[in-house]
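Student: Quick one: structure below, then a few questions.
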Ligand code: MLT
C-alpha cells in the first residue's frame, strides 16, 4: 500500500546483487512507497532454495524435481532426504538415513505418562503439538543455539522417527484404546499404519496399495514454500528456539481450520450434498449465488491461478486407491461431477477457481481408514520434512531473528485525561 493506504503493486526484487543495485532510499524518496526490506526476513521476504512454486503455471518442484516425478517414482523418506539435505540420496545414503530413523522410533516411556494425562476428547493435533514440544525435555541438547552438524542431524532424525509414533498414539488416545509400539522391521509408512490400526486382539494386514497411496499423500504434502505453518516454523526458529518447539508451533498453525482443516471441510460439504440428494449442479448454482451462504470448499488457492498440480495427482490416486480396495464412495462421484461442472462454467473459469489439493485428499484418507479428526495430523506428518528443511536452511544461513514489518494505522498521539 502507499502511504495514503491505497493499493500499489511494487516490483519484487530478489537477490542480494539486485538489492544492492537498486537505490532503495532514492526510490522511497521518489515514491513514498514501502519497499521490500531484506532486514525483515522470515516473513514475505524470505529467500529459499527448497521449493519452487509458480502459481500462474501450476508448477511445483522440490529442489528442482517436479512433484509429478517424485510422487510417481520415489518414496517419502527419499523425498524427506531431498528436502532436508538438498539432493537425492544415493542408495547408501538412503539406507543409512532410513536405518537411523528406524533406530529412534520409540519414544521415552515418560511420554506415555504425558499422553495418559490427556482426556480422550483431546484433539489429536493438540496432543501432537504438545508431545513434539515436550521432546525438548528428553533431549535438552536440542535447545542449544549452536548445535554442531551431528547434533542437528540427530535432532532431525529423532523427530522424523518419533512423529509417526506420537501421531498414531494421539489417535489411539482419541478412541480410548491402548497404544501400539513401533515395529522397526516395517518401513516408515507401514509402521505408522500398523501403530494406527493394530489391536491387541487383531493384527493389521498391511496392504501395499495403502502403503503406496500413503507415501504419495505424504510426498504431495511435504513442502509448499512460505505458507502459514512453514513461516511460523521459520519465525519461531529464527529466535533459535529448538527444532522441536519450532515444529510444535508449526503444528499449531496447521491446526487452524483455514490451513490444515480444508480437506475436512470438503468431506463435510460432499456429505451434505450427498444427504441432499447428490445434485452437484444445484450446488454449483448455489456457490455462484452471493446471497446463498453455501461455499464450494476445496476450490481455488491463494497462490494457484491455474490447476494445483497436487490436485491432479491426488485425483488419479483417489481413483486408483478406491478401485484397488474395491471401495465405492459416492462422494468421489459427487466430487468429480462438481469439478467437471465448475471447470465448464464461466463463473469458475473466469475466477480461475480450480480444485486444490484438499479437494480429493480426504476421500483417500477415508478409504485408507483414517478418520476425519486425523486429517490434519496426516498433513503434519507429510509436512514434517518441509518444516525441518526450512528450519535448517534458516539456521544454516544464519538469518537474523524475524520481525514482521508493521505499518501503524492506529490513532495518532492522544493526551491522557484522567476520569
Ligand atoms: C499448503 O500446502 O500449505 C497449503 O496449500 C497452503 C499454502 O501453501 O498456502
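Each reported figure results from applying straightforward, stated rules to the coordinates on display, with no laboratory input. Keep in mind the model is a prediction, meaning the values are calculated, not measured. For neighbour counting, all protein chains shown are included, and Cβ atoms are generated from backbone atoms with ideal geometry for every residue, glycine included.
Student: Can you tell me which of 411-418, 279-286, 314-321 comes out highest on packing, and rank the rest after it, using the mean Cβ neighbours within 10 Å?
Tutor: Output ranking for 411-418, 279-286, 314-321: 314-321, 279-286, 411-418.
Student: Need one word for segment 151-268: rounded, prolate or oblate. Basis is the Cα gyration tensor (sqrt eigenvalues a ≥ b ≥ c); a/c below 1.5 gives rounded, then a/b vs b/c decides.
Tutor: prolate
Student: Right, next: If you build a Gaussian network model of the chain, linking Cα atoms that sit under 10 Å apart, which residue out of 224, 177, 240 swings the most?
Tutor: With Cα springs under 10 Å in the chain, the top fluctuation among 224, 177, 240 is at 177.
Student: What does the highest-first list of 51-60, 262-271 look like by mean Cβ count within 10 Å?
Tutor: Result, highest mean first: 262-271, 51-60.
Student: While we're on this one: When you count, for each residue, the other Cβ atoms within 10 Å and take the mean per peptide, how do 147-158, 249-260, 202-213 rank with the highest first?
Tutor: Put in order of decreasing packing, that is 249-260, 147-158, 202-213.
Student: What is the Cα centroid distance between segment 294-326 and segment 341-395, reported in whole angstrom?
Tutor: Cα centroid to Cα centroid, the span is 8 Å.
Student: Write down the Kirkwood hydrodynamic radius of the chain, to one decimal in angstroms, obtained as one divided by the mean of 1/r over all alpha carbon pairs.
Tutor: 23.2
Student: State the Cα centre-to-centre distance between segment 211-289 and segment 163-198 in whole Å.
Tutor: Segment 211-289 and segment 163-198 have Cα centres separated by 22 Å.
Student: Moving on. So what is the relative contact order of segment 226-311, in percent, for Cα pairs below 8 Å that sit 6 or more residues apart?
Tutor: 20
Student: Let me ask something else about it. Tell me the mean residue ellipticity at 222 nm calculated for the chain from its helices only (DSSP H runs of n ≥ 4, each -39500 (n - 2.57), averaged over every residue, nearest 500).
Tutor: So the calculated ellipticity at 222 nm is -17000 deg cm²/dmol.
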